[in-house]
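Working notes, beginning with the structure itself.
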Amino acid sequence: MSAQVYLLEEAEGFSKDLLGGKGFGLVAMRKAGLPVPPAFVITTEACRRYLRTGEVPGLWEEVRAKMAALEGLTGKRFGLGEGNNPPLLVSVRSGAPVSMPGMMDTILNLGLSLQGVAALSRATGNPRFAWDSFRRLLAMYGEVVLGERAEVFEGMLSALKERKGARSDADLTAEDLEELAHAYLAHLEARGTPFPMDPWAQLEGAVLAVFRSWNNPRARVYRRIYGIPEDLGTAVVVQAMVFGNLGEDSGTGVGFTRNPATGEKGLYGEYLRNAQGEDVVAGIRTPEPLDRLKDYAPELYGELLRVAERLEGHFRDMQDFEFTVEKGRLFLLQTRSGKRTAQAAVRIAVEMAEEGLITREEAILRVEANALPGLLRPAVDRERAPRPLLKGLPASPGAAFGHAAFSNEGVERLSAQGLPAILVRPETTPEDITGMYLAKGILTARGGLTSHAAVVARGLGVPAVVGAEALRVFPEEGRAVAEGVEVREGDLLTLDGSTGEVYLGAVPLVEAAGEAYLHKLLAWAEPYRRLGVRANADTPEDARRARELGAEGIGLCRTEHMFFHEERLPWVRRLILAATPEEEDEALQALFRFQKEDFKGILKAMDGLPVTVRLLDPPLHEFLPPLEELRQKAEAGDEEARRLLERAEALREVNPMLGFRGVRLLLLRPGIFRMQLKALLEAAKELKEEGLNPRPEVMVPLVADPKEVERAKALAEELFREYGPIPFGTMVETPRAALLAAEIAPLVDFFSFGTNDLTQMAFGLSRDDAGKFLPRYVEEGLLPFDPTERLDEKGVGRLLRLAVEEGRRANPALKLGLCGEHGGEAGSVRFVADLLDYTSASPFRVLTARLAAAQAGLSSLQPV
Ligand code: PEP
Ligand code: MG
């Protein structure tokens, strides 16, 4: 039987898989010359054997031998004091190869017994400390090994405090704690799970409990969600206890080698004098900033600075470490890569590369590309924020506060007074565009990440939280209710579209910072990017913003957004109502003039770069007022409303997303097709005459059959004969179009994958309603992530791959792009990086797309 237990000094060079994360970190720290209390690690292999067979032959003999070594190293005896020497106590901790909340974590003070308490009390001259240590052990052991609920012990502690009139634990005396320990012992005895006084029995019980915690239901769920293999097992770390609660020259703290909020280099953290680690977590006393040590313990501070530098030198990343000072001596208990904000992540990566600690390539790979949009926008200052009122989906990043408004008119009223407004709606429809445009933030109760509100908000660059299911909105009554709190028109709200949190009142915001670091990182990343990055934009402002952020053209210009402007809607409605060709013509003429100006603005903003204009996509009734409103007006005698109502009823669809829209509408109302394409061609012609270099492309949405494409192309060619041709393409956003790619490809110059619709149709779910259940699906582990947010590689990705392969084979010159919302999501971008020519993202996600594409390029060069 090979060895399965190792002292830290014996485990150098062993893998994290064998030692677990904690053990691995301790071995590395010790090797780097850092002060670590003596410890041994029981390997994951022993755990796996135990879980397989229910036993581990030879384990306890090995454990005893290593414990004897710990006794030698510390000069103390396990569980028993000798003379004035305190007993050796240990902590027992689980440590899987990947960090995994849900498993057993820690038992402290293990080895203590009634006999040991007496010895500890004698040796330290501090009976209160001894009994305090013992009652903590009893509660932890009682919970983790003997299976009693933590609340039972907490309840007994609270009852005692009440009886003694103690406000906090610190007010309890040695006698009080002794009484509590005896009460715990009696309770455990009475429930048939007596506490073992024998230190060796305690140790065996604790080790087996750690092994078994691998199969906790919580741990299993966690593994399933994160795709962690079931058969890794966990290691167990047994380490000599050091005490931070032995007096004023002792203490415990947490340090970060750089500021985790800003990334600034320098020691950062907190320290609590005369305390054990748990006290910090329990918030019993407020720790002080580490800086304070400079004044009263400058040597310790200096030592911590050196420790921080060594840790970074060794682990080559920002570290979050735990330490204890026992009677002036510093010990490190744990270290790991520290969690950090997006802003800190960028700054740390860039500065570490500049310091030569990591390479530039590593710096590029270390930053989470999806976090970038939040960097350019203000965020809620989490340190000063109260508890949020609500949480919804983070639909459009950035934070904003303003007065609640429940309608376009409400937003307009506030804006006219120079006040910021937050538009609050059950969900948004195209009707709400004015309010959405003027509002500083958008909040909806319904809808998912690709709902109308989310898509439009991202396009406009307005922070938005959607699908806040706990919110009930009553626009007619000018109020909303959430968690029993009523929000009235004019009440202040703050929302953070990067986190989905919504607060009552105006919460302090922090400005975007650190752009210089971000631009440096992107400049390093650029040479590794092969995939083109364009933007989804339908206004000149958006186009300009996207270009500033590095977009190389527009991959999707949704022309319908232009129809919703106030001065145009009446013409769109006249188009819908037209009873004669003359009436239709007049409406189309008016719209033509608007569209031509729109296109000129956008083509100008993107001069020299390709601009893909998609012809009208939504069904016509989207441009009509809600039926209810029309009905009321018609009943009140409004003649126009009566005619609109008639049309609206005729056009009404049960499922408009699958109805008379896209290419179907364009082919059966070819006047609209001709008007839009002509406006585009004419706009380009005029710009060319001004000496510019417009590069328009035209695209038809929602095709499902090659015949549709043939017919659309024939219509386009009528105009190409007059103006000269431009690239002609189709969206691939129905499963059938993907399946028939080989027949469609020869007819077009490009495909653009509309992964919003493609996901909706592949899954058979509605993008507007899925917000109701998809988050729960993900929580329950039924889906690994929300497929409307991140591309589902298995299903939707398969359709995409098939269309790419067969399309390219049938037309080698075919250009391939993606323009669904996934085009700005890092994981999805990495998936398509080798498949497509370009991706197209909302302006604020252009940075994410650029970085993710570079990361993909880099990973294919060198395995990470
Ligand atoms: C799509 O379906 O992915 C797409 C880009 O079009 P829209 O979101 O406008 O339907
Ligand atoms: Mg679509």
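The values are calculated or read from the model by the stated rules, or taken from the named source; none is laboratory data. Quantities reported herein were computed from a predicted structural model and do not represent experimental measurements. Cβ atoms come from the backbone with ideal geometry, glycine included; neighbour counts cover every protein chain shown. Note: accessible area is taken over every heavy atom of the protein model, side chains too, but ligands, DNA and RNA are not part of it. Shrake-Rupley method; radii C 1.70, N 1.55, O 1.52, S 1.80 Å.
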Q: Using the structure shown, decide if LEU758 is within 16 Å of ligand 2 (Cβ to nearest atom), touching a residue at least 24 places away in the same chain (Cβ under 8 Å) and buried (at least 19 other Cβ atoms within 10 Å of the Cβ).
A: yes
(Q) Looking for something under 21 Å from PHE844 (Cα atoms) and surrounded by 15 or more Cβ atoms within 10 Å (Cβ to Cβ) - is there at least one such residue anywhere in segment 475-495? (A) yes
Q. Considering segment 742-765 alone, what residues qualify as being hydrophobic (A, V, I, L, M, F, W, C) and within 16 Å of ligand 1 (Cβ to nearest atom)?
A. PHE750, PHE751, PHE753, LEU758, MET761, ALA762, PHE763, LEU765
Q: Please state which of the following conditions ALA395 fails to meet, knowing it meets all the rest: (1) more than 16 Å from the chain's Cα centre (by Cα); (2) open to solvent by less than 10 Å² (accessible area, probe 1.4 Å); (3) at pLDDT below 85.
A: (1)
Q. Is there a residue in segment 806-817 that is small (Gly, Ala, Ser) and within 16 Å of ligand 1 (Cβ to nearest atom)?
A. yes
Q: Would you check which residues across segment 595-609 are under 35 Å from the mean Cα position of the chain (by Cα), crowded, with 24+ Cβ neighbours inside 10 Å and assigned to a helix (DSSP H, G or I) and list them?
A: ILE602, LEU603
(Q) Cβ-Cβ distance below 6 Å, separation of 6 or more or different chains: which pairs start in segment 527-541 with a residue that is on the phi > 0 side of the Ramachandran plot and end on one that is at pLDDT 95 or above and basic (Lys, Arg)? (A) none
Q.
Going residue by residue through segment 324-338, is there one that turns out to be crowded, with 22+ Cβ neighbours inside 10 Å, without any contact (Cβ under 8 Å) to a residue 60 or more places away in the chain and not basic (Lys, Arg)?
A. no
Q | So VAL732, is it over 34 Å from the mean Cα position of the chain (by Cα) and within 16 Å of ligand 1 (Cβ to nearest atom) | A | no
Q. Pick from ALA641, ALA634: which is farther than 20 Å from ILE554 by Cα, of a type in the set (Gly, Ala, Ser) and open to solvent by less than 10 Å² (accessible area, probe 1.4 Å)?
A. ALA641
Q.
Can you pull out every residue in segment 700-743 that is surrounded by fewer than 18 Cβ atoms within 10 Å (Cβ to Cβ), within 16 Å of ligand 2 (Cβ to nearest atom) and small (Gly, Ala, Ser)?
A. none
Q | Among the candidates ALA650, ALA579, residue that is open to solvent by 70 Å² or more (accessible area, probe 1.4 Å), modelled with pLDDT under 90 and not in a helix (DSSP H, G or I) | A | ALA579
(Q) Here is a check on your reading of the model: is PRO229 in a loop (DSSP other than H, G, I, E, B) and either open to solvent by less than 10 Å² (accessible area, probe 1.4 Å) or free of Cβ contacts under 8 Å to residues at least 40 places away in the same chain (or both)? (A) yes
Q: For GLY266, state whether it is without any contact (Cβ under 8 Å) to a residue 12 or more places away in the chain, touching a Lys or Arg at 6+ places or on another chain (Cβ under 8 Å) and open to solvent by less than 40 Å² (accessible area, probe 1.4 Å).
A: yes
Q: Check segment 64-79 and report whether any residue there is buried (at least 19 other Cβ atoms within 10 Å of the Cβ) and over 22 Å from SER133 (Cβ atoms).
A: yes
Q) Has segment 145-166 got at least one residue that is open to solvent by less than 50 Å² (accessible area, probe 1.4 Å), over 30 Å from VAL98 (Cβ atoms), modelled with pLDDT of 90 or more and of a type in the set (D, E, K, R)? A) yes
Q. Would you pick out the residues in segment 609-624 that are within 12 Å of GLU653 (Cβ to Cβ) and within 13 Å of ligand 2 (Cβ to nearest atom)?
A. PRO618, PRO619
Q. Has segment 262-284 got any residue that is at pLDDT below 90, more than 30 Å from LEU8 (Cβ to Cβ) and more than 23 Å from the chain's Cα centre (by Cα)?
A. yes
Q. With respect to the numbered conditions (1) within 16 Å of ligand 1 (Cβ to nearest atom); (2) β-branched (Val, Ile, Thr); (3) farther than 29 Å from GLN855 by Cβ, which one is the sole condition not fulfilled by ILE442?
A. (1)
Q) Looking at (1) open to solvent by less than 10 Å² (accessible area, probe 1.4 Å); (2) within 21 Å of PHE563 (Cα to Cα); (3) more than 16 Å from ligand 1 (Cβ to nearest atom); (4) hydrophobic (A, V, I, L, M, F, W, C), can you tell me which one LEU667 breaks? A) (1)
Q. Only one of THR428, THR444 is of a type in the set (S, T, N, Q), modelled with pLDDT of 90 or more and either surrounded by 23 or more Cβ atoms within 10 Å (Cβ to Cβ) or more than 20 Å from the chain's Cα centre (by Cα) (or both); which?
A. THR444
Q | Leading residue by the ranking (nearest to GLU427 (Cα to Cα)) among those in segment 765-786 that are open to solvent by 70 Å² or more (accessible area, probe 1.4 Å) and not hydroxyl-bearing (Ser, Thr, Tyr) | A | ASP769
Q | Residue within segment 356-367 that is small (Gly, Ala, Ser), open to solvent by 40 Å² or more (accessible area, probe 1.4 Å) and out of contact with any Gly (no Cβ under 8 Å at 6 or more places or on another chain) present | A | yes
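Condition check ((1) of a type in the set (D, E, K, R); (2) farther than 27 Å from GLY823 by Cα; (3) in contact with a Leu (Cβ under 8 Å, 6 or more places away or on another chain)) across all residues:
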| residue | (1), (2), (3) |
| --- | --- |
| THR359 | no, yes, no |
| LEU365 | no, no, yes |
| VAL380 | no, no, yes |
| LEU389 | no, yes, yes |
| PHE401 | no, yes, yes |
| GLU409 | yes, yes, no |
| SER415 | no, yes, yes |
| PRO420 | no, yes, yes |
| ILE433 | no, no, no |
